[in-house]
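Let me begin by presenting the structure, written as structure tokens, before commenting on it.
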Amino acid sequence: MPNSPSGSHHGSRKNVLAIVLAGGEGKRLMPLTADRAKPAVPFAGIYRLIDFALSNVVNAGYLKVVVLTQYKSHSLDRHVTQTWRMSTMLGNYVTPVPAQQRVGKHWYLGSADAIFQSLNLLKDEKPDIVVVVGADHVYRMDFSQMVAHHVESGAGCTVAAIRQPIELADQFGVIDVAPDEPDRIRDFLEKPKDPTGLPDNPLEVLASMGNYVFSTDALVSAVTDDAVMSGSAHDMGGDIVPAFVSRGEAGVYDFRDNEVPGATERDRGYWRDVGTLGSYYAAHMDVIAPLPVFNLYNFQWPIFTSYGPQPPAKLVRGEGGLLPVAEDTVLSPGVVVTGGRVYRSVLSPAVWVQSNAEVTDSVLMHSVHVGPDAVVRNAIIDKNVEIPAGARIGVDQAEDLARGFMVEDGLTIIGKGQPVAG
């Protein structure tokens with residue numbers, strides 16, 4: 001379509017800016033977030049959590065992206081600047097924007113304040129539409145379909161929602177719709193105890209996914225009003241969306257309607273909030289299942305990342321010709337299994353499993369070395385941990401606790417570079 005004089009496009013081809021909210025502290029993922037922001041936490045071997053949000057935005061055709069960071073953002077900034085390079089000739093970019101205290105001597109007070117403090121980005125870019133997404137969920141989604149829905153609806157704000165069983169409603173922000181207007185949000189309920197089911201399915205509710213589409217003018221005026229509101233938590237879900245709802249200007253987009261190219265019946269509609277160690281681990285198990293619940297091998301909607309100059313993975317015999325074993329396991333580039341046995345696990349780049357060692361039901365991050373005859377079970381082990389010969393991790397929880405490891409949800413978690421005695 002030809003450009004209109006204003007530089008924006010006709011119809012659904014509007015000028016879109018994507019904002020990724022990546023300030024998350026991720027307290028419930030400690031110790032994985034002890035020195036990195038939640039969106040920078042590694043996932044499925046070669047990725048970081050933010051790669052999923054960024055890949056979704058870019059695959060949807062939105063190539064002007066700002067990443068708002070705040071908490072322990074160094075590794076996140078480094079990953080974004082080194083990995084996410086766009087063709088600058090076409091004016092495309094993915095750029096991290098740290099909290100800058102532009103409007104006073106305080107850091108971001110909440111996600112809405114992050115956008116308010118970054119309104120200069122909107123003034124520079126002059127988008128018609130702003131897509132705002134969270135940076136720490138594992139899913140595939142074509143945002144262009146949600147933008148088209150938003151434009152057609154005439155709403156000032158559209159919230160992406162995923163159907164959840166009604167008994168899980170108290171874990172989410174729940175979207176209440178009127179039976180006669182299922183696309184319009186009637187009420188936004190934060191973790192409700194007794195919600196009403198959906199008009200077309202009383203056993204389900206619509207849970208907010210933390211992804212939003214705004215008409216630019218509406219977003220600017222909403223965060224500007226919110227900034228001076230006393231008692232506001234300055235939160236997108238808690239304050240901005242309810243303000244749109246109260247004026248009847250908030251629409252909902254059902255994730256069920258999103259058609260991602262290359263999706264299988266099994267992984268269609270997958271969305272996982274990996275906010276706890278248990279859910280982070282469960283999402284990894286979804287990836288390694290023989291018929292994966294989340295399929296990393298969809299080449300029509302790739303998840304982009306960079307894992308550096310790693311050699312191919314390699315399985316070789318160990319001492320005395322001991323054969324290596326790797327079953328139902330993700331092997332990243334740079335992995336070497338030397339006569340060790342690995343079952344139902346994710347091995348990140350440069351992991352080394354030595355002779356006669358056994359790794360079962362575990363997630364090992366970059367450069368973890370498992371010494372000869374060591375046993376690792378039901379564990380999440382962060383980067384650069386050396387597990388000495390014969391050590392046992394995750395075999396006896398009392399023993400693990402006594403050694404200063406964290407034990408939660410039946411998992412043993414070892415922090416980045418944490419020493420492990422033999």
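Worth a mention:
- Distribution of pairwise C-alpha distances over the chain, 20 Å bins, in %: 25, 53, 20, 1
- Scalar couplings 3J(HN,Hα) for segment 322-333, obtained by applying the Karplus form with A = 6.51, B = -1.76, C = 1.60 to θ = phi - 60°, are 4, 6, x, 10, 9, 10, 6, 9, 8, 10, 7, x Hz; x denotes Gly and Pro.
- Along each principal axis, Cα extent of segment 376-422, largest first, Å: 23, 19, 17
- Relative contact order (percent, whole number), the chain, Cα cutoff 8 Å, 6+ residue spacing: 13
- Placing unit charges on the Cβ atoms only, positive for Lys and Arg and negative for Asp and Glu, gives segment 323-382 a dipole magnitude near 40 debye about its Cα centre.
- Distance distribution P(r), segment 235-278, all Cα-Cα pairs, bin width 10 angstrom from 0: 20, 29, 35, 16 percent.
- Residue ranges 304-311, 414-421, 250-257 sort as 250-257, 414-421, 304-311 when ordered by packing (mean number of other C-beta atoms within 10 Å per residue, highest first).
- Fraction in percent of alpha-carbon pairs per bin - 5 Å, segment 84-189: 2, 8, 14, 17, 20, 16, 12, 7, 3, 0, 0
- Selected from 14, 123, 64 as most flexible by GNM, with the chain as the system and alpha-carbon contacts under 10 Å: 123
- Nonlocal amide H pairs with residue 109, under 5 Å, H built at 1.01 Å: 114
- Along segment 67-76 the Karplus relation, 6.51 cos²θ - 1.76 cosθ + 1.60 evaluated at θ = phi - 60°, assigns HN-Hα couplings of 10, 8, 10, 8, 8, 6, 8, 4, 5, 5 Hz to successive residues, with x for each Gly and Pro.
- Percent accessible area from carbon and sulfur atoms, segment 23-166, protein chains only, probe 1.4 Å: 53
- Accessible-area composition of segment 296-376, carbon plus sulfur, in percent [1.4 Å probe]: 55
- Inter-centroid distance (Cα atoms) of segment 209-231 relative to segment 144-159, Å: 16
- Computed over the chain with a Gaussian network model linking Cα atoms closer than 10 Å, the most mobile of 32, 411, 203 is 203.
- Solvent-accessible area per residue, Å², over segment 331-422 with all protein chains present [probe radius 1.4 Å]: 34
- Gaussian network model of the chain, Cα within-10 Å springs - most flexible of 29, 364, 54: 29
- Of the residues 296, 281, 311, the one whose Cα sits farthest toward the positive end of the charge dipole of segment 253-322, with +1 on the Cβ of Lys and Arg and -1 on the Cβ of Asp and Glu, is 311.
- Entry note: segment 22-69 has Rg to Rh equal to 1.02, where both radii use alpha-carbon atoms and Rh is the Kirkwood radius.
- Here the chain is treated with +1 on each Lys and Arg Cβ and -1 on each Asp and Glu Cβ, and its dipole about the Cα centre works out to around 1440 debye.
- Straight-line cross-link reach from residue 123 at under 29 Å between alpha-carbon atoms covers these lysines, not counting any fewer than eight positions away in the same chain: 14, 38, 64, 72, 105.
- Calculated from backbone phi, Karplus (6.51, -1.76, 1.60) coupling profile of segment 168-179 in Hz, x at Gly/Pro: 9, 4, 6, 9, 10, x, 9, 9, 9, 10, 7, x
- Reference-scaled alpha-carbon Rg (2.2 N^0.38 Å with N residues) for segment 48-88: 1.15
- Given 14 as the ceiling on other Cβ atoms within 10 Å, longest exposed-site-free region of the chain for GluC sites (Glu not before Pro) in DSSP loops: 26-258
- CD proxy at 222 nm, helix term only [per DSSP H run n ≥ 4: -39500 (n - 2.57); per residue of the chain; nearest 500]: -5500 deg cm²/dmol
- Inter-part distance, segment 32-96 to segment 376-414, computed on C-alpha centroids, equals 30 Å.
- Where segment 44-183 is the region considered: accessible area per residue in Å², 1.4 Å probe: 39
- Difference of contour (0.36 nm per residue) and Cα-Cα distance, residue 296 to residue 171: 42.3 nm
- Secondary structure note: in the chain, about 35% of the DSSP beta bridges are antiparallel.
The values are calculated or read from the model by the stated rules, or taken from the named source; none is laboratory data. Since the structure is predicted, the reported quantities are computational estimates derived from the model, not experimental observations. Please note: Cβ atoms are built from the backbone with ideal geometry, for glycine as well, and neighbour counts cover all protein chains shown. The accessibility values were calculated without ligands, DNA or RNA, using every heavy atom of the protein model including side chains. Shrake-Rupley method; radii C 1.70, N 1.55, O 1.52, S 1.80 Å.
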